[in-house]
Amino acid sequence: MKNLLITGGSGFIGSHLCLILLKNNYSLYVLDSFINSSYEALNRVKALAKFDKKNIDNNLKVFVGDMRDKKTIDNVFRFAYENNKRIDGVIHLASLKSVKESIEKPIDYWGNNIISTLNLVEIMIKYNCFNIVFSSSASIYQKDQKFVNEESFINPLHPYAETKVIIEKLLKSIFNAYQGKWKIVNLRYFNPIGAHSSGQLGEDPKGDPNNIFPRIIKVASGEIKKLYIFGNDWPTRDGSGIRDYIHVMDLAEGHLKALEYLNLIEPKILNINLGTGIGTTVIELVRVFEKVNNVKIPIAYEKRRNGDVSELVADISLAKSLINFFPSRSIQDMCKDGWKWYLNNPEGYENN
Ligand code: NAD
Ligand code: UFG
């Protein structure tokens, strides 16, 4: 598998992933509507890959289009076919991803995430491409489990997570229907944060972000006055919620490992958690951010946020044993790299 379609490749995770894949000599077709990303992210990916002396001009082709339109996807596969560089695998990241927005605008979420994926698998079958890595989410797990493995109970609580569960089911049913053809990996991401260590790639959320890391950055930069911590009465070591934060570059490298594994195996479908297996409280994250970056983050406590859980940490035994996934970057690295990205790009990709 050397020629890959990366859907959503200009997004936060996709841009870091594209860089790693280019450095590992994959040839990429990126398809993105840019609804939540900027073309500049891919310019940066190209510059970083070139800096690494990779000849990327023939290895990164970008298509702009919305996957809800089947023809858009067909065009990419046809282009690859006609140019004798057929797509032999897909990493499917394209999705809307805000929990809050999915509750407010369920039709957008169901429409975008499900129709895009249905179209994608239909076109993959048309072009005899049966290898897919899908971006799933830890948000699908039932909320009263602390340390989750891939067999833990699934109970999505909002439309965003529901779309992930339905897509996993869709992939399972096509796996069953086309016996002996598909290789499918659902990667269930925990909490990706941080940025590329160059400070050239990072998270550039549109609108008002609700996640903890972009909010810490907003406080550190003085854009907002205080970080509101949702609950100081959770049954944890300091009363704030515990999550499994993973450096976005480690997460991206997990995809490389998953591809290498897919190359070795017979058709199969499986789910793999991508986290670090280490839990960090909100207060610990804030203190590390302050220390490594020498900034102050004023905090205040708010009541618990609806739908939150005390603790969600990955059991990554399967990722370690099956795909040789050993994330190496620390919370300190995540905080340093995320802040460096901000300092280099206070307006995100906007000013380019
Ligand atoms: P992102 O929003 O930065 O990237 C998603 C990309 O998909 C964007 O570039 C967007 O423009 C594109 N896109 C969306 N709908 C599209 C469509 N219909 N056609 C073409 N392109 C479309 O998000 P991200 O953080 O990079 O997340 C990537 C994937 O990982 C998503 O599937 C997300 O659900 C999943 N995930 C993310 C997190 C997280 O915390 N970031 C956690 C778990 C799972
Ligand atoms: N938090 C605060 N204040 C804030 C924002 C968050 O205290 O302003 C706390 C939350 O209560 C929680 C922790 O920080 O304890 C992390 O919250 P995030 O919103 O950053 O992340 P979640 O774990 O709630 O969810 C995220 C993504 C989902 C994804 C999931 C995977 O939003 O899309 O991680 O585990 F699926």
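Remark: pairs (first residue in segment 286-309, on the phi > 0 side of the Ramachandran plot; second residue modelled with pLDDT under 95 and of a type in the set (A, V, I, L, M); Cβ separation under 6 Å; 6+ apart in sequence or on different chains) = G307/L157.
How many of the residues making up segment 152-191 are acidic (D, E) and within 13 Å of ligand 2 (Cβ to nearest atom)?
We begin by selecting, within segment 152-191, every residue acidic (D, E); these are 162, 168.
Those left that are additionally within 13 Å of ligand 2 (Cβ to nearest atom): 162.
The qualifying residues number 1.
Does L285 satisfy being within 16 Å of ligand 1 (Cβ to nearest atom) and in contact with a Cys (Cβ under 9 Å, 6 or more places away or on another chain)?
So L285 fits the description; yes.
Restricting attention to segment 318-352, the residues that are buried (at least 19 other Cβ atoms within 10 Å of the Cβ), in a helix (DSSP H, G or I) and not hydrophobic (A, V, I, L, M, F, W, C) total 5. Restricting attention to segment 81-102, the residues that are assigned to a helix (DSSP H, G or I) and either under 21 Å from G11 (Cβ atoms) or aromatic (F, W, Y) (or both) total 5. Restrict the check to segment 239-257 and report whether at least one residue is within 16 Å of ligand 1 (Cβ to nearest atom) and without any contact (Cβ under 8 Å) to a residue 60 or more places away in the chain. Among the residues of segment 239-257, not one is within 16 Å of ligand 1 (Cβ to nearest atom) and without any contact (Cβ under 8 Å) to a residue 60 or more places away in the chain, which makes the answer no.
Give me the residue from segment 174-192 that is among the charged types (D, E, K, R) and in a strand (DSSP E or B) and, out of that set, farthest from ligand 1 (Cβ to nearest atom). Explain how you work it out, then say what you get.
Taking segment 174-192 as the starting set, the residues that turn out to be among the charged types (D, E, K, R) are 181, 183, 188.
Filter once more, so that each one left must be in a strand (DSSP E or B): 183, 188.
Values: K183: 19, R188: 8 Å.
Only one residue tops the list, namely K183.
Away from ligand 2 (no atom under 15 Å from the Cβ) and in a loop (DSSP other than H, G, I, E, B), is that true of H196? Yes.
Can you name the residue in segment 12-70 that is assigned to a helix (DSSP H, G or I) and of a type in the set (F, W, Y) and is also surrounded by the most Cβ atoms within 10 Å (Cβ to Cβ) among such residues?
Restricting to residues being assigned to a helix (DSSP H, G or I) and of a type in the set (F, W, Y), the top hit is F12.
Within segment 129-144, being free of Cβ contacts under 8 Å to residues at least 60 places away in the same chain and within 13 Å of ligand 2 (Cβ to nearest atom) holds for S137, S139, I140, Q142. Kindly list, by first and then second residue, each pair from a residue in segment 155-183 that is touching a residue at least 40 places away in the same chain (Cβ under 8 Å) and among the aromatic types (F, W, Y) to a residue that is within 12 Å of ligand 1 (Cβ to nearest atom) and in a helix (DSSP H, G or I), limited to pairs with Cβ atoms under 9 Å and residues at least 6 apart or on different chains. Between residues of segment 155-183 that are touching a residue at least 40 places away in the same chain (Cβ under 8 Å) and among the aromatic types (F, W, Y) and residues that are within 12 Å of ligand 1 (Cβ to nearest atom) and in a helix (DSSP H, G or I), the close pairs are Y160/V99; Y160/E101; Y160/S102; Y160/Y109; Y160/N113; Y160/S139. Filtering segment 147-154 for residues that are within 11 Å of ligand 1 (Cβ to nearest atom), within 22 Å of the chain's Cα centre (by Cα) and either of a type in the set (V, I, T) or surrounded by fewer than 17 Cβ atoms within 10 Å (Cβ to Cβ) (or both) leaves an empty set.
Cβ separations smaller than 8 Å between residues 6+ apart or across chains give the following pairs from segment 10-38 residues that are under 22 Å from F77 (Cβ atoms) and of a type in the set (D, E, K, R) to residues that are part of a helix (DSSP H, G or I) and at pLDDT 95 or above: D32/G14.
The values are calculated or read from the model by the stated rules, or taken from the named source; none is laboratory data. All of these numbers come straight from a predicted model, not from anything done at the bench. Every residue, glycine among them, receives a Cβ derived from its backbone with ideal geometry; neighbour counts consider all protein chains shown.
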